[in-house]
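Data block below; observations after.
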Amino acid sequence: MENERGMNMIDPQKIRPPHFLLIIIVLAIGAHIALKPAKIIGHPYNWTGPVLFIAGVALMIIAQKKFAKHGTPVPHNEKPSKLVTEGPFKISRNPM
């Protein structure tokens, strides 16, 4: 894509929210390393964030495996072929 000056512009379809999230995480880690902020939350409570992050990633992997088992797509812009009602979807609505 080019603007009227002939310069290339970023295609908004190629930069999605997960890309922005990754950029923000990298910037936050960089700021943390550069600024060395004071510890506000002490041990063992400082492990709450990483534990919740790992639990969320595990839940996402389990949900994707359930979708693959039933042959239904994960992306929201594709039409689901089946209703998944087992695993994490016993208490959550489908699709992911």
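The values are calculated or read from the model by the stated rules, or taken from the named source; none is laboratory data. Computed from a prediction, not measured in an experiment: that's the story for all the values here. Cβ placement follows ideal geometry from the backbone for every residue including glycine, while neighbour counts extend to all protein chains displayed.
Tabulated data
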{"item": "Hey, G49 surrounded by 10 or more Cβ atoms within 10 Å (Cβ to Cβ), of a type in the set (G, A, S) and within 29 Å of S92 (Cα to Cα) or not", "result": "yes"}
{"item": "Residues located in segment 76-96, provided they are surrounded by fewer than 10 Cβ atoms within 10 Å (Cβ to Cβ) and either modelled with pLDDT of 90 or more or closer than 29 Å to I25 by Cβ (or both)", "result": "H76, N77, I91, R93"}
{"item": "Flag if I33 is more than 30 Å from G87 (Cβ to Cβ), within 13 Å of the chain's Cα centre (by Cα) and part of a helix (DSSP H, G or I)", "result": "no"}
{"item": "Selection count where residues are closer than 21 Å to P17 by Cα and in a loop (DSSP other than H, G, I, E, B), scope segment 52-78", "result": "6"}
